[in-house]
Amino acid sequence: MEYALANIGVHLTRIGGTRLLAEEEEVDFFIHKLVKMPFKFLGQDVYLTTTHVCMLIVIAAILIFALVARHKIMNSEEIPGGFQNVLELAVEALSNFVNGSMGEHGKKYVNYVGTLILYIFLCNTSGLFGLRPPTADYGTTFCLAIITVTMIQYNNIKYNKFGAITSLFEPLPVLFPSNLIGEFSSLISLSLRLFGNILAGTVMIALYYNLLPVIATIAIPSFLHAYLDFFSGAIQAYVFTMLTMVFITQKIEG
Amino acid sequence: MSNITNEGLILACSAIGAGLALIAGIGPGIGQGIAAGHGAAAVGRNPGAKGDIMSTMLLGQAVAETTGLYGLVIGLILLYANPLLSRFLKL
């Protein structure tokens, strides 16, 4: 592993004696180990990585926004203006989004889905602020998918009772293994979709910045950032939450 | 030929394998194109339902994209966290 990582140095050519590109430069989009933790987990060394730092920054940003918003709502005015208007618009849009796709069950899940979409969206777009997106680490997306799959299965058992088990043997008892895999495959597909998209964006931007001459990195990458960080990140946040809602509604109404 | 090291051979074959794995991008490309085409046709037939059509189309496209991303992840693993090389070096 270390050997493989050490060999990714990019060898570049000199044309006419001028240094067009960086020589032996590492394309840097890896997760860096920052601080070694004083304990071990399952025999493995535990490190504080860039993912944790970026995640804490994102969480701090959300917290500060939430505190400011709370202060504003507590001292709300009869005729909303400016910031309060924006907040009300956002909350209304969010609850419409959830109620539109979950129907009557939406009320209970507005909080979870709202948190999820805010967090994933900010994580995905944190590449714009020079951070390494925390969602480009499989650990983050896998945990998010575990939460979602737990909620799906909880609702399955809560609303279908024994139907949750008998539906695994339908239409034929022979299909039990594939039904069981199908129940938990959304864990892999949900997490890999988010991870793959954001990692692809991160890798492409890192390659662009490291492999091209400095003059090409002046204004042109803004289009790349707009598409890979912003558009793709927004779409993936939308898709993750949308699929969460669709799966949960399926189980409730199933 | 004699000065190709074992590690070099593994790295070269991994690079070829990564390229082959990314052929997986063909399928999602075709699928997303079909979805977008039918989405455009649906909007043409019923412009009032543009919002619903858009969200359904994007959801379907994102699901179709997953298979391509599996290929991408395998390609990235082969290039940057090569399991074959680390196994060879350990043996």
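Read-outs: derived from the displayed coordinates by stated rules, not from any lab. Keep in mind that what you see is a predicted model, and the values were worked out from it rather than measured. Neighbour counts run over all protein chains shown; Cβ positions are idealised from the backbone, glycine included.
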**Report entry** Rg(Cα)/(2.2 N^0.38 Å) for segment A:15-139, N = residue count
**Finding:** 1.55
Report task. From the P(r) of segment A:65-129, can you give the percent of Cα pairs sitting at distances over 16 Å? Result -> 57 percent
Query - 0 to 90° range, to nearest 10: angle between helix B:6-21 axis and chain B longest Cα axis - result: 10 degrees
Query raised in the report: Given R₀ = 56 Å, FRET efficiency for B:I16-A:N111 by Cβ-Cβ distance, to 0.05?
Result: 0.70
Query - Inter-label distance, nm, simple model (7 Å from Cα along the C-beta direction), A:L128/A:A69 - result: 1.6 nm
Report task. Please sort through the DSSP H helices of chain A and keep those with an alpha-carbon extent of at least 20 Å along the long axis and a Kyte-Doolittle average not below 1.0. Result -> A:50-74, A:176-211
Requested in this report: Just tell me how shielded B:83-89 is by partners: mean number of partner chain Cβ atoms within 10 Å of each residue's Cβ, no decimals.
Outcome: 2
Query raised in the report: Along the charge dipole of segment A:28-177, which of A:T150, A:L48, A:V113 sits closest to the positive end, that is, farthest toward it, with unit charges on the beta carbon of Lys, Arg, Asp and Glu (+1, +1, -1, -1)?
Result: A:L48
Query raised in the report: Relative to the first principal axis of the alpha-carbon coordinates of chain B, what is the inclination of helix B:26-45, with its axis defined by its Cα atoms, in degrees from 0 to 90 and to the nearest 10?
Result: 10 degrees
Query - Point-to-point label distance, A:A90-A:L187, nm (Cα→Cβ direction, 7 Å offset) - result: 3.3 nm
Report summary line: Expressed to two decimals, chain A has a Cα Rg over Rh, using the Kirkwood radius, of 1.06
Query raised in the report: FRET efficiency for A:V246 and B:Y80, Cβ-Cβ distance as r, R0 = 30 Å, nearest 0.05?
Result: 0.35
Query raised in the report: What's the Kirkwood radius of segment B:30-91 in Å, using all Cα pairs?
Result: 14.2 Å
**Report entry** Per-residue average of Cβ from other chains inside 10 Å of A:195-204
**Finding:** 3
Query raised in the report: According to a simple spin-label model (label point 7 Å from Cα along Cα-to-Cβ), what is the distance in nm between A:I215 and A:H32?
Result: 3.0 nm
Report task. Round to the nearest 0.05 the FRET efficiency obtained for A:E253 and A:F142 when R0 = 30 Å and r is the Cβ-Cβ distance. Result -> 0.65
Report summary line: Mean projected area (nm²) from the convex hull of Cα positions in segment A:176-254 is 6.5 nm²
